[in-house]
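In what follows, a single structure is set out as structure tokens and then discussed.
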């Protein structure tokens, strides 16, 4: 695969929202309290104009395959950001692209002064949990910050 990783553009909003919602529905994780129902899912370009945030898009031959980002979620400890909205189109999974996006995000976070990366997820996303574990994310007993995603019940943290 000849994949290109780039920052999000406004034209990506619609296709990315579809990928995110279809991914959650596919795994039965399209429940209240998740990004499935989050209005910002339809306007990620605008959301990621927030200082201290970034969102990377993966594309191949102009086709959007998915993306992932870093966000300074309210209420997180100092120098901690959140790995957010990491989703791939079903045809793009299992090829190492998720790992590539996570590496980009973690590298950006470290270069921008973050010392810890937090994430929230769900047990339905089993493969993602395995990948996060491989990256050294460790499980927490409860949530950090104020993401508003009460539908997530797996919380992890990684030291950079």
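General observations
- Of the residues making up region 4-29, those that are farther than 16 Å from residue 55 by Cβ and in a loop (DSSP other than H, G, I, E, B) are 27, 28, 29.
- Scan of region 37-68 for residues that are within 17 Å of residue 152 (Cα to Cα) and in contact (Cβ under 8 Å) with a residue 60 or more places away in the chain, ordered by number: 38
- Number of the exception - residue 73 against (1) touching a helix residue (DSSP H, G or I) at 6+ places or on another chain (Cβ under 9 Å); (2) surrounded by 13 or more Cβ atoms within 10 Å (Cβ to Cβ); (3) at negative phi: (1)
- For residue 7, the conditions (1) modelled with pLDDT of 95 or more; (2) surrounded by 15 or more Cβ atoms within 10 Å (Cβ to Cβ); (3) under 14 Å from the mean Cα position of the chain (by Cα) are fulfilled apart from (2).
- Sub-9 Å Cβ pairs linking a first residue in region 112-140 that is on the phi > 0 side of the Ramachandran plot to a second residue that is modelled with pLDDT of 95 or more and part of a loop (DSSP other than H, G, I, E, B), at least 6 apart or interchain, are 113/52; 113/79, ordered by first then second residue.
- Here region 30-48 is the region considered, the condition is being more than 15 Å from residue 12 (Cβ to Cβ) and assigned to a loop (DSSP other than H, G, I, E, B), and the residue that is modelled with the lowest pLDDT is 33.
So that you can scan it fast, the table gives a plain yes or no per residue for (1) assigned to a loop (DSSP other than H, G, I, E, B); (2) at pLDDT 95 or above; (3) over 14 Å from the mean Cα position of the chain (by Cα); (4) surrounded by 15 or more Cβ atoms within 10 Å (Cβ to Cβ):
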{"position": "109", "(1), (2), (3), (4)": "no, yes, no, yes"}
{"position": "119", "(1), (2), (3), (4)": "no, yes, no, yes"}
{"position": "124", "(1), (2), (3), (4)": "yes, no, yes, yes"}
{"position": "129", "(1), (2), (3), (4)": "no, no, no, yes"}
{"position": "143", "(1), (2), (3), (4)": "yes, no, yes, yes"}
{"position": "146", "(1), (2), (3), (4)": "yes, no, yes, no"}
{"position": "149", "(1), (2), (3), (4)": "yes, no, no, yes"}
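- Contact annotation: residue pairs with Cβ atoms under 7 Å, 6 or more positions apart or on different chains, pairing a residue in region 17-28 that is over 17 Å from residue 43 (Cα atoms) with a partner that is at pLDDT 90 or above and part of a helix (DSSP H, G or I), are 26/90.
- Any chance residue 76 is more than 10 Å from the chain's Cα centre (by Cα) and either over 19 Å from residue 138 (Cα atoms) or part of a helix (DSSP H, G or I) (or both): no
The values are calculated or read from the model by the stated rules, or taken from the named source; none is laboratory data. As the structure is a computational prediction, the values presented were derived from the model and not from experiment. Cβ coordinates were reconstructed from backbone atoms using ideal geometry, including for glycine residues, and neighbour counts include every protein chain displayed.
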